[in-house]
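Here's the structure we're looking at; comments come further down.
Here, each number is a calculation from the coordinates, and none is a lab measurement. What you see is a predicted model; the values in this text were computed from it and never measured. Here the Cβ positions follow ideal geometry from the backbone for every residue, glycine too, while neighbour counts run over all protein chains shown.
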Amino acid sequence: MNLTIFETRLRELLDDPTSLRPFVCEGSPLECEIFLVGIEPATPLRKGFWDFWKPGYGFDRETWLVTYLQERRDAGKQNASPTRRNMDHFIAGTDGCKVLETNVFAGARPRYRRDGSEVRAPFRFLLEAVQPKVIFVHGGPARKEIASMSLSIPVMEANHLCYQTTKEKAREYGRHAKELARTS
C-alpha cells in the first residue's frame with residue numbers, strides 16, 4: 001500500500017472535518033514500526049485530524065503538537081499532560097525509530113467510559129494497513145482491548161503512562177520497543 005491509497009481508505013472511514021483522532025506521527029504512518037497505544041485521546045482539539053494531514057507527506061506531528069499545547073494553554077491546563085510528556089519520552093527512547101501514536105478508540109474525551117459510542121474502525125484499519133512490528137499498549141482498558149484481538153505481533157504492556165511512570169522508565173520502554181522492532 002502506498003500513502004495515496006492509505007489516505008483514500010482512511011478518508012472512507014473519517015469525515016472531513018472529523019472530531020476523531022485516529023493517530024499522530026511524523027510523516028507517513030506506513031513507515032512506523034511501533035504503535036504506542038492507549039484507550040482514547042484525552043484532549044479534544046478545535047482543529048481536526050485532516051488539518052494536519054499533508055497529501056504526499058502524511059501527518060504533520062510538529063504542527064499538531066504546537067496546536068495541542070496552545071489549545072491546552074487556552075483551556076487553562078498545564079502545557080502537556082503527564083501522559084503526553086511520557087509518550088514523548090517513549091518516542092525519544094526509540095532513538096529515531098518511527099512511532100505511530102494511536103488509541104483503540106479514536107474519539108477524544110477527557111475521561112474514558114464505555115458507553116457504546118466508541119469508534120474502533122480506524123484502529124483496525126491502521127493495524128491492517130501499517131502492520132507494525134511492535135505494539136506498546138498502556139493502561140488497563142487498552143491492554144484488555146488489545147488482548148482480545150489475539151494479535152500475532154509482539155505486544156508490550158504497561159500501566160497507563162500518566163501513572164507512576166518516570167521519564168527514564170518511559171524512555172526505557174521506548175528502547176525496549178525499538179529492540180523488539182529490530183528483531184521482529
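Looking at (1) closer than 23 Å to I153 by Cα; (2) surrounded by 20 or more Cβ atoms within 10 Å (Cβ to Cβ), which is the one condition that is false for F49?
Result: F49 fails condition (1) only.
Return the pair list, or none, for Cβ contacts closer than 9 Å from residues in segment 163-174 that are crowded, with 17+ Cβ neighbours inside 10 Å to residues that are among the basic types (K, R) and part of a helix (DSSP H, G or I), at least 6 apart or on different chains.
Pairs found: A170/R85.
For residues in segment 156-173 being closer than 14 Å to R143 by Cβ and hydrophobic (A, V, I, L, M, F, W, C), which is nearest to the chain's Cα centre (by Cα)? Quick ask: steps written out before the conclusion?
Step one: filter segment 156-173 for residues closer than 14 Å to R143 by Cβ, giving 156-161, 163, 173.
With hydrophobic (A, V, I, L, M, F, W, C) added as a condition, the list becomes 156, 158, 161.
Numbers: M156: 15, A158: 15, L161: 13 Å.
Going through the qualifying residues, I end up with L161.
Of the residues in segment 1-46, how many are basic (K, R), surrounded by 18 or more Cβ atoms within 10 Å (Cβ to Cβ) and assigned to a helix (DSSP H, G or I)?
If we filter segment 1-46 for residues that are basic (K, R), which is where we start, we get 9, 11, 21, 46.
Still in the running and surrounded by 18 or more Cβ atoms within 10 Å (Cβ to Cβ): 21.
If we keep only those that are assigned to a helix (DSSP H, G or I) too, we end up with none.
Result for segment 1-46: 0.
Out of E168, E71, I need the residue that is among the acidic types (D, E) and touching a helix residue (DSSP H, G or I) at 6+ places or on another chain (Cβ under 9 Å). Which one?
E168
Only one of (1) among the basic types (K, R); (2) under 29 Å from R143 (Cβ atoms); (3) touching a strand residue (DSSP E or B) at 6+ places or on another chain (Cβ under 9 Å) is not met by K54, so which one is it?
Of (1) among the basic types (K, R); (2) under 29 Å from R143 (Cβ atoms); (3) touching a strand residue (DSSP E or B) at 6+ places or on another chain (Cβ under 9 Å), only one is false for K54: (2).
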